[in-house]
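What follows is a single structure, written as structure tokens, with notes after it.
The values are calculated or read from the model by the stated rules, or taken from the named source; none is laboratory data. Fair warning: this is a prediction, and the values are worked out from it, not measured in the lab. In this analysis, Cβ positions are derived from the backbone assuming ideal geometry, glycine residues included, and neighbour counts consider all displayed protein chains.
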Amino acid sequence: MKFCLAASLLYLAGGVYGAVATPPPTRLGGFTPIPLEHDLPTAISVLTAVNTSFNVVEAAVREYHGDIAPLRAAASDFLSTIQSGTTTVNGMTPLTAAECLSLISPARDLQDRSRALAIQLKEKKTIIQRHKHCATIHDFLDKGTPLSVGLITAVVSKVPKNFRGIVQREGDKITKEIEDSRETFAPVNCSDA
């Protein structure tokens, strides 16, 4: 009898300890949640892909001497890359503050690429105008501006709230370059006549 009582108390104590040491999983909608991995590699791959597309567009502008086909193809690919990147980022889990630090270098690379593209476009403006491609360039930049804003908005939504202002300001530097270039090739500033 004493053995049964001792065994019962030990069993009860073990059960209580187990309940305290490992709380039961919370169930949501009938399913037990699984810990989520953060999507830092995904975010970096999106920014890297956009950076690569910026490089291709910049190279196409640098090599432009009247044939718009390579530039048009590079611009189309760039716009597609931004669109797919935005979709990818929107599907990510939120990032931690520590993970955000890993995005600084790819974001700065994008700022550098957008600045380099803006410089290349300004340097080629006379040739672009002579070959009557101002409207084509303006159209590319006009489409690229809201798409870039969309990608930046998606990235901002995935960082902790206390970092969102900083990330937004850094992203705004990229879109500012695109917006300024768009203005350079606006019909009032660049004519295909």
Residues in region 72-100 that are among the aliphatic types (A, V, I, L, M), more than 18 Å from VAL159 (Cβ to Cβ) and touching a residue at least 40 places away in the same chain (Cβ under 8 Å) total 3
Tell me yes or no: at least one residue of region 146-163 is modelled with pLDDT of 95 or more, within 22 Å of ALA69 (Cα to Cα) and of a type in the set (Ser, Thr, Tyr). no
Log entry, pairs with first residue in region 161-176 being closer than 12 Å to LEU95 by Cα and of a type outside the set (Gly, Ala, Ser), second being modelled with pLDDT under 90 and surrounded by 18 or more Cβ atoms within 10 Å (Cβ to Cβ), beta carbons closer than 6 Å, six or more apart or on different chains, reads PHE163/CYS100
Checking ASP172, ASP142 in turn, the sole residue that is modelled with pLDDT of 95 or more, farther than 22 Å from PRO41 by Cβ and charged (D, E, K, R) turns out to be ASP142
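Rundown of residues vs (1) within 15 Å of the chain's Cα centre (by Cα); (2) assigned to a helix (DSSP H, G or I), yes/no style:
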site: ARG115; (1), (2): no, yes
site: ILE128; (1), (2): no, yes
site: ILE137; (1), (2): no, yes
site: ILE166; (1), (2): yes, yes
site: GLU170; (1), (2): yes, yes
site: ILE174; (1), (2): yes, yes
site: ASP192; (1), (2): no, no
When region 101-136 is checked residue by residue, the ones that are over 19 Å from GLY165 (Cβ atoms), β-branched (Val, Ile, Thr) and without any contact (Cβ under 8 Å) to a residue 60 or more places away in the chain are ILE119, THR126
